[in-house]
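Below is one structure, written out as structure tokens; comments come after it.
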Amino acid sequence: MSVEQVESTPSQSRGSPRSVSVLGVRIDRVTQEEALTFIEEQIRRRRASGNRLPCSQVVTVNPEFVMEARRNPAFRQAINEAALNVPDGIGVVWATRYLGQPAPERITGTDLIPALAERCAAHGYRLYLLGAAPGVAEATAARLCARFPGLQIAGTYAGSPDPADEEAILQRLVAAQADLLCVAYGAPAQELWIWRNLSRLPVAVAMGVGGAFDFLSGRKKRAPRAWQRLGLEWLYRLYHEPWRWRRMLALPHFALVVIFKGRGRHSEA
Ligand code: UDP
């Protein structure tokens, strides 16, 4: 995406030359700064429209997402129809390089949230934190408010991705008058939740953020910066949460599939 495209409407930004298909999943080759500008622009435009513009979905794609999308057509469709898909996970960044269309950098939900909170505080945009275990979204909000004075938290709620809870959550969101919604239900539940409710979500942007609230609230320790820079955050997480080993088998599997099929017809989005 060019800067003009970053600042364009979501539908115009999809499938631009600055996107690459990784095993059928669209990845937008943007910097974190461009992703932040895009999200801020959606908020500004929706406000300027009197809150009439529809919600834009943002997905932070890691290798587990791509492998799940290969066997889950609804999840694949949700990601490919999203307004912006950023490469979370060093494996996805590596795949874009291997495919000759490199993404500039890794962009995680855990990094985007504070950067967005800072912009929300500066412009008076309202942030809603949905999901995670009871109390975690509240603790995240408290830490963000301490770090970014003036930040308006439109609401926090654990809820659940169960369709039976949907109406109650939507009612809360309507009352909250938020601009930006972060949803922490883990993938693929959070992306499917946002996707099926997209036309009814009363916010400018909704983004699935996985375990980000667990880190930002201090409930879980994130890998040190040095590990992150070396692309080893996954290893740190595996060390601290060994039960993840089965899920993380998706990583070597993902690398092998990219090598053997990534450049073939299977890479078509
Ligand atoms: N979660 C939730 N409700 C659910 C399932 C998950 O609130 O029904 C939350 C969970 O508490 C955690 C997040 O969703 O905060 C998912 O975290 P995980 O570490 O699995 O996500 P990842 O970062 O691996 O995508």
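A Stokes-Einstein calculation at 20 °C with viscosity 1.002 mPa s, built on the Kirkwood radius of the chain over Cα pairs, returns a diffusion coefficient of 115 µm²/s. Close amide H pairs (under 5 Å, H built 1.01 Å from N) link Gly186 with Val209, Gly210, residues at least 5 positions away or on another chain. Can you give the net charge of the other residues whose Cβ lies under 14 Å from the Cβ of Gly211, counting K and R as +1 and D and E as -1? That sum, taken over residues with Cβ under 14 Å, equals +1. Around the amide H of Ala154, modelled in the peptide plane, lie the amide H atoms of Leu127, Tyr128, all under 5 Å away and 5 or more residues distant in sequence or on another chain. Principal-axis analysis of the Cα atoms of the chain puts helix 136-147 at an angle of about 80° to the longest axis. A simple rule links phi to the HN-Hα coupling: the Karplus curve 6.51 cos²θ - 1.76 cosθ + 1.60 with θ = phi - 60°, which for region 195-201 gives 4, 6, 9, 3, 5, 10, 6 Hz, with x for Gly and Pro.
Of the DSSP beta bridges with both residues in the chain, give the percent that are antiparallel, rounding to the nearest 5. Could you put the intermediate results ahead of the total?
Values: 4 of 25 bridges.
Of the beta bridges lying entirely in the chain, close to 15 percent run antiparallel.
Were the residues from Glu167 through Leu232 laid out at 0.36 nm apart, the gain over their Cα-Cα distance would be 19.4 nm. In the chain, the DSSP-assigned H stretches of four residues or longer account for a calculated mean residue ellipticity at 222 nm of -13500 deg cm²/dmol, using -39500 (n - 2.57) per stretch and the full residue count as denominator. Annotation: for a label point projected 7 angstrom from Cα along Cα→Cβ of Arg196, residues of region 59-73 with backbone N closer than 16 Å are 72-73.
Computed from the coordinates by the stated procedures, all read-outs in this text should not be read as laboratory data. This structure is a prediction, so every number in the text was calculated from the model and none was measured. All Cβ positions, even for glycine, are placed from backbone atoms using ideal geometry, and neighbour counts span all protein chains on display.
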